[in-house]
Amino acid sequence: MKKQLFILAFIGMFSCKSDNTTSVTPDDTTTTSDVDISVVQAKFSNSGLSVTVEGNYLVIKSNGIPNHKSPYFQSTDARYEAYNGTNTKFNLNPNRISSQNLVFKIPLHPAKASTHASTPLGPIGVSLNGVPFFNQYAGPNQPLTNEINSFDQYLGHPQLTGQYHYHQEPAYLTTQNGKSAFLGFLLDGFPVYGPQENGKAVSNADLDTYHGHSHATAEFPKGVYHYHITDADPYINGSGFYGTAGTVSQ
């Protein structure tokens, strides 16, 4: 048992942690203009959130604590909930959720980038409840194959510093708001939507290499490029940011 816990701790120390930024050549001609993402400012709701407009950025400050229960809270915490999901291979990792000091500076008027930087490990965006989105890797170019088994019933988990995050569909938010709902932003300012559209599941084949497409949405009736979460790798984002990423400090 001690050997097994040591191995789990070792994995938790290094997963979801480092950075690897490159550029890829754009392969589409979609453009977006006249988009002001502050129109959805009021949709962000969690006691640990501050959302303001500062110059050309939407600034979201978050403690990163999810507004739902999890087995990753300490067992003495009122927010603790034992795992009750459907993954028979669930394996609790050794990390526990702790408060963060996250500041996301997201472009208020997102636009397509001339070159598309790959997403880093760590936060690549922020969901409506202030929990960060992470990309499709457990480590540098390491798939989530094994790490998925540590995702709780809401499909999130914490890394070494206690930063809770989603690599996949934020199940609590889609349960509350619907499978086609607006769920947050990536750091480039383009919105993230759920795994359904017009009552149908979105597949990777429906999306471009960055894991998105353009058309009108309820929040952006004039049209906007947006990402969709899907149930298969790469889940949230594909070959990189469609636009130019803002910053996140932590």
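The values are calculated or read from the model by the stated rules, or taken from the named source; none is laboratory data. Since the model is a prediction, treat every value here as computed from it, not as a measurement. Here the Cβ positions follow ideal geometry from the backbone for every residue, glycine too, while neighbour counts run over all protein chains shown. The accessibility values were calculated without ligands, DNA or RNA, using every heavy atom of the protein model including side chains. Shrake-Rupley method; radii C 1.70, N 1.55, O 1.52, S 1.80 Å.
Mind checking the alpha-carbon convex hull of region 132-250 and giving the volume per residue in Å³?
Working: hull volume 13.9 nm³, N = 119.
About 117 Å³ per residue, rounded to a whole number.
Which aspartates and glutamates, if any, have their Cα less than 16 Å from the Cα of K43, not counting same-chain residues under 8 positions apart?
Hits, sequence-local ones excluded: E219.
Pairs of alpha-carbon atoms within less than 8 angstrom and 6+ residues apart define the contacts here; what relative contact order does the chain have, in percent? Walk me through the numbers on the way to the answer.
Values: 572 pairs, mean separation 58.2, N = 250.
Value for the chain: 23 percent.
Could I get the Rg over Rh figure for the chain? Both from C-alpha atoms, Rh via Kirkwood, rounded to two places. Mind showing how you got there, number by number?
On the way: Rg = 17.3 Å, Rh = 18.2 Å.
Ratio of gyration radius to Kirkwood radius for the chain: 0.95.
In Å², and per residue, what accessible area does region 93-136 have when probed at 1.4 Å with the other protein chains present? Each step should come with its number before you reach the end.
Numbers: 1190 Å² over 44 residues.
So region 93-136 comes to 27 Å² accessible per residue, rounded to a whole number.
Mind listing the Cα extents of region 57-137 along all three principal axes, in Å, largest one first?
47, 26, 19
Using a 1.4 Å probe over the heavy atoms of the protein chains, calculate the carbon and sulfur portion of the accessible area of region 46-97 as a whole percent. Don't skip to the end; give the middle numbers.
Details: 1280 of 2880 Å².
Of the solvent-accessible surface of region 46-97, carbon and sulfur hold 44 percent.
Please list, or write none, the aspartates and glutamates whose alpha carbon is within less than 15 Å of the alpha carbon of K200, excluding same-chain residues fewer than 8 places away.
By straight Cα distance, K200 reaches D231.
Keeping every protein chain present and rolling a 1.4 Å probe, give me the accessible area per residue for region 144-250 in Å². Mind showing how you got there, number by number?
Details: 3860 Å² over 107 residues.
Here the per-residue accessible area is 36 Å².
Compare G139, G130, G85 in a GNM of the chain, Cα atoms joined below 10 Å, and give the one with the largest fluctuation.
Sorting by GNM fluctuation, first place goes to G85.
Counting only protein heavy atoms and using a 1.4 Å probe, what share of the accessible area of region 130-250 belongs to carbon plus sulfur, as a whole percent? Walk me through the intermediate numbers first.
Numbers: 2110 of 4310 Å².
Of the solvent-accessible surface of region 130-250, carbon and sulfur hold 49 percent.
Looking at region 47-88, which trypsin sites (Lys or Arg not before Pro) are in a loop (DSSP not H, G, I, E or B) and have at most 16 other Cβ atoms within 10 Å?
Numbers: sites: K61, K69, R79; in loops: K69, R79.
The qualifying sites are R79.
Could you pull out every one of the aspartates and glutamates with an alpha carbon less than 18 Å from that of K112, ignoring same-chain neighbours closer than 8 positions?
Cross-link targets: D27, D28, D34, D36, D188, D208.
Relative to the Cα centre, what is the charge dipole magnitude of region 21-163, using +1 at the beta carbon of each Lys and Arg, -1 at the beta carbon of each Asp and Glu, and rounding to the nearest 20 debye? Before the final figure, lay out the partial values.
Details: 8 positive and 9 negative charges, 69 e Å.
Its charge dipole is roughly 340 debye.
What angle, in degrees between 0 and 90 and rounded to the nearest 10, separates the Cα long axis of helix 2-14 from the longest principal axis of the Cα atoms of the chain?
20
Which value, in debye to the nearest 20, describes the size of the charge dipole of the chain about its Cα centre when Lys and Arg Cβ atoms bear +1, Asp and Glu Cβ atoms bear -1, and nothing else is charged? Kindly include the intermediate steps, with their values, before the conclusion.
Details: 14 positive and 18 negative charges, 162 e Å.
Rounded to the nearest 20 debye, it is 780 debye.
In square nanometres and to one decimal, what's the mean projected area of the convex hull around the Cα atoms of region 178-230? Before the final figure, lay out the partial values.
Numbers: hull surface 13.6 nm².
For region 178-230, the mean projected area of the Cα convex hull comes to 3.4 nm².
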